Amino acid sequence: MKRIRFATLSVFLTGLCFLNIGCGAGTAKVNGIATLDGKGIDSATILFVGVEGTNHQASVMSAADGTFTLVSNSDPSKGIPHGTYKVVVTKMTSVASDGPAPSIGDKDYMKMMKSLKTNPPKQLLPDKYATIERTPLKVIVPPESSPIKLELTK
């Protein structure tokens, strides 16, 4: 009799866990603005990495004024799963190009690769925001207010 009760309790608790983690967790679109010393950051790559409640990752590039809307990579009509996320913000110097990207093995491709070796792209934002280990930025989804503000400082 004890085994039957234990088995029934185990099935019940497992079901509760699936409800809590799966369908009941929900998603939310995240609207925000990324600024550096109060000015919007144009073309920054913003990466959300789940640390509590989700292991989900999603990224977006900011608009000219620093605004962004983060949605699911697999279904843009949906948001990202609820949970706590660390946020990485990067912006790199661009690779100069006078036309379409060269094909692999092409003479111009080899020239471009040598150029990157001697003059690699550089991070334009403070390094503390560039890695998941160092970033101080943390966001809870769904946010309490919208848009969220990612306020970077030099």
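The values are calculated or read from the model by the stated rules, or taken from the named source; none is laboratory data. These figures come from a predicted structure and were not determined experimentally. For neighbour counting, all protein chains shown are included, and Cβ atoms are generated from backbone atoms with ideal geometry for every residue, glycine included.
A few points about this structure:
- Selection of strands (runs of 3 or more DSSP E) fully inside the range 71-154 by the criterion of at least 1 residues being under 30 Å from Gly26 (Cα atoms), of a type in the set (Ser, Thr, Tyr) and under 14 Å from the mean Cα position of the chain (by Cα) returns 83-90.
- Some residue of the range 50-57 being of a type outside the set (Asp, Glu), in contact with a Lys or Arg (Cβ under 9 Å, 6 or more places away or on another chain), on the phi < 0 side of the Ramachandran plot and assigned to a loop (DSSP other than H, G, I, E, B): no
- Number of the condition not met by Tyr129 [criteria: (1) touching a Lys or Arg at 6+ places or on another chain (Cβ under 9 Å); (2) surrounded by 13 or more Cβ atoms within 10 Å (Cβ to Cβ); (3) modelled with pLDDT of 85 or more]: (1)
- When the test is whether a residue is under 22 Å from Thr153 (Cα atoms), surrounded by 14 or more Cβ atoms within 10 Å (Cβ to Cβ) and free of Cβ contacts under 8 Å to residues at least 60 places away in the same chain, Gly83 does not pass it.
- Here the range 61-80 is the region considered, the condition is being of a type in the set (A, V, I, L, M, F, W, C) and in contact with a Ser or Thr (Cβ under 7 Å, 6 or more places away or on another chain), and the residue that is surrounded by the fewest Cβ atoms within 10 Å (Cβ to Cβ) is Met61.
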